[in-house]
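Beneath this line is the structure, given in structure tokens, with notes to follow.
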Amino acid sequence: MDCMHVRSLVSPYIDGELAAEKAAEVERHLDGCEACRALVEGERGVSVAVRHHGERFRAPAHLKARVLSEVERRSRRSGWRSRRRTGRAAMR
Ligand SMILES: [Zn+2]
């Protein structure tokens, strides 16, 4: 198995979607190839980070709504008049 082949299998390898036989081949290559090993380490870090983020964003839906309404209130307080004036000027 060459580097190109290994690199095309990195994602399924990390996700555990590879057949045992294929995974063993990838591992054999990684034993002797530092570049591909670094790539796998990197990908693994990314997929962990993504999973982490997914959890962090799923949980505080109510928080997001609160932030959004706060932003809306602030923009209404500070930007409403000027926006209205701009709108009226545009109508003329
Ligand atoms: Zn390689």
Karplus-derived 3J(HN,Hα) from phi for segment 4-17 (6.51 cos²θ - 1.76 cosθ + 1.60, θ = phi - 60°), whole Hz, x at Gly and Pro, runs 4, 5, 4, 5, 6, 9, 4, 4, x, 5, 5, 6, x, 8
Please list, in order along segment 18-25, the HN-Hα scalar couplings obtained from phi with the Karplus expression 6.51 cos²θ - 1.76 cosθ + 1.60 (θ = phi - 60°), rounded to whole Hz, x for Gly and Pro.
7, 4, 3, 5, 5, 4, 5, 5
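Here, each number is a calculation from the coordinates, and none is a lab measurement. Remember, predicted model here, so these are calculated numbers, not experimental data.
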